[in-house]
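Chemist: Sharing a structure, written as structure tokens. Questions coming.
A short reminder: the numbers here are calculations on the coordinates, not readings from a lab. Owing to the predicted nature of the structure, the values given are computational and were not obtained by experimental measurement. Note that each Cβ is placed from the backbone with ideal geometry, even for glycine, and that neighbours are counted across all protein chains shown.
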Amino acid sequence: MATGQVRRLFLDQALLPSGWARNVALDIDSGFIQSVTPDAPHRDGWERIAGIALPGLPNLHSHTFQRGMAGLAERRGPTGDSFWTWRQVMYRFLEHLTPDDVETVAAFAMMEMLEGGFTSLAEFHYLHHDRDGHAYGDIGELSGRIVAAAAEAGIGLTLLPVFYAQGGFGGAAPNDGQKRFICGVDAYVRLLESAKKAVRFVDDAVLGIAPHSLRAVTPESLHAVVGMAPEGPVHIHIAEQTKEVEDSLAWSGMRPVAWLLAHTPVNKRWCLIHATHLDEEEIQGLAASRSVAGLCPITEANLGDGIFPGVPFLSRSGAFGVGSDSNIHISAPEELRQLEYSQRLSHRGRNLFAEREGESTGRSLYTKALTGGAQALGRRVGALRAGSRADLVVLDSDAPDFAGLSGDALLDTYIFATGARAIDRVIVGGRTVVTHGRHYKRDEISARFAKVMTRIRS
Ligand code: NGQ
Ligand code: ZN
């Protein structure tokens, strides 16, 4: 049965699918959990992991390169600042990035994800061409850089090469700022072929597809691209801004999510990123589709997108997960906190993601985001059970915040009080990549990142 590297852990306390458990023996082979035994007697030779072990959270939406402009779009411009003016700043920023820069910034963001409680990511990757918009010899050049960064950082990867062909609804021509993204249907076939080879360099990586948004495709090209992938994840940005809803109505007479549900086979493979602006029928349709709502609460707040209708969506048993998207700030617990707080502010209530009296809000948020995140990434992650990847985030049980606490109160404290500073250790595919809260390559990756940023900013 043993086929690869074996690691045997003995966890003081852990969150299992069945609930909290103590003295958990966790047997790992080739990155996957072989068996989980709670209340096990201590076993000689097994490595004791003191602390509070959680399944690592999947990060279901990221553009790693945007980490390089975090904090640099917070200065007031000449006219009303918005998502659309931010996008102009972002387009200008990406004109600086060489392939080496893309790799370095990605490695830095991925390192921060690991230190911030995410153990895997879905990278929605849409930079394909050079700074002038010219093709590289291999259209998968920059996809390969994302894969290399994930391998270096030691994070689990779902790579989503992005199809981007149009500048707006109705087949509008792309603008100059979009020149690094553009690829037609034929080029996309080549991109997927190249990306398929590249992902082999990361253990257990998954390849999916991502039509960028309804703004960036035509119905025909969307259909063609979806037809290229008979399996695996399908992600798309949708209904993030009210202007997108208005433009969609003007173009087709339908709101974006309603249009997508009516014209494509949205199912469990799909992840609808943001899905912020939904009417009652769309909330119902999205929940019933069993796809995942890919919520990015910190970015959505930063960009002024609006507030996802979490309360009615949850009451229809909608599935969701969280993503760090623009990477303006990277923290798994803070994404969940922001999600709950957005609902509190709009409903003037509390504990809105808890569904029953006595239920912990933190536990509800965390376990739902694990399930939705794992589904969106198309990987066996998000649970400490036999057959899953051994992806763990271990909180420091000696932190004073946790004194005297057990069970779900630990999660509430992690999400609402300590945030990621309580993280002691992170294990991905059975391999420890963060110890005492620090990534094993922090110094080296940070130095490279600083060098790139200094050059770009001078
Ligand atoms: C993106 N980001 O692709 O990075 C987008 C902005 C767009 C977010 N939507 C560009 N948050 O949607 O056109
Ligand atoms: Zn995005």
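Chemist: Being within 22 Å of Leu370 (Cβ to Cβ) and either within 16 Å of ligand 1 (Cβ to nearest atom) or surrounded by fewer than 21 Cβ atoms within 10 Å (Cβ to Cβ) (or both) is the filter here, so list the residues in segment 290-308 that pass it.
Modeler: Across segment 290-308, the qualifying residues are Arg290, Ala293, Gly294, Leu295, Cys296, Pro297, Ile298, Thr299, Glu300, Phe308.
Chemist: Given the structure, is Arg145 away from ligand 2 (no atom under 16 Å from the Cβ), of a type in the set (Lys, Arg) and outside any loop (DSSP other than H, G, I, E, B)?
Modeler: In short, yes.
Chemist: Which numbered condition trips up Ser315, out of (1) farther than 29 Å from Tyr126 by Cα; (2) touching a Gly at 6+ places or on another chain (Cβ under 7 Å); (3) of a type in the set (Gly, Ala, Ser)?
Modeler: (2)
Chemist: Exactly one of (1) more than 24 Å from Gly437 (Cα to Cα); (2) within 16 Å of ligand 2 (Cβ to nearest atom) is unmet by Gly372. Its number?
Modeler: The failed condition is (2).
Chemist: I'm trying to understand the selection: among the residues of segment 256-309, which are within 18 Å of the chain's Cα centre (by Cα), over 20 Å from Leu222 (Cβ atoms) and small (Gly, Ala, Ser)?
Modeler: Answer for segment 256-309, where residues must be within 18 Å of the chain's Cα centre (by Cα), over 20 Å from Leu222 (Cβ atoms) and small (Gly, Ala, Ser): just Ala301.
Chemist: Among (1) in contact with a Lys or Arg (Cβ under 7 Å, 6 or more places away or on another chain); (2) surrounded by 17 or more Cβ atoms within 10 Å (Cβ to Cβ), where does Asp396 come up short?
Modeler: Single failed check for Asp396: (1).
Here is a yes/no grid of residues against (1) surrounded by fewer than 24 Cβ atoms within 10 Å (Cβ to Cβ); (2) among the aliphatic types (A, V, I, L, M); (3) in contact with a helix residue (DSSP H, G or I) (Cβ under 6 Å, 6 or more places away or on another chain):
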{"site": "Leu127", "(1), (2), (3)": "yes, yes, yes"}
{"site": "Asp132", "(1), (2), (3)": "yes, no, no"}
{"site": "Gly137", "(1), (2), (3)": "yes, no, no"}
{"site": "Gly156", "(1), (2), (3)": "no, no, no"}
{"site": "Pro161", "(1), (2), (3)": "no, no, yes"}
{"site": "Asp176", "(1), (2), (3)": "yes, no, no"}
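Chemist: Give me the pairs, please: first residue somewhere in segment 42-59 and of a type in the set (A, V, I, L, M, F, W, C), second residue anywhere and in a loop (DSSP other than H, G, I, E, B), beta-carbon distance under 6 Å, and either six or more positions apart or on two chains.
Modeler: Listed pairs, sorted by first residue: Ile52/Ser397; Leu57/Gly117.
Chemist: So is Ser252 more than 16 Å from ligand 1 (Cβ to nearest atom), in contact with a strand residue (DSSP E or B) (Cβ under 7 Å, 6 or more places away or on another chain) and over 26 Å from Ala149 (Cβ atoms) or not?
Modeler: Taking the combined requirement at face value, the residue does not satisfy it.
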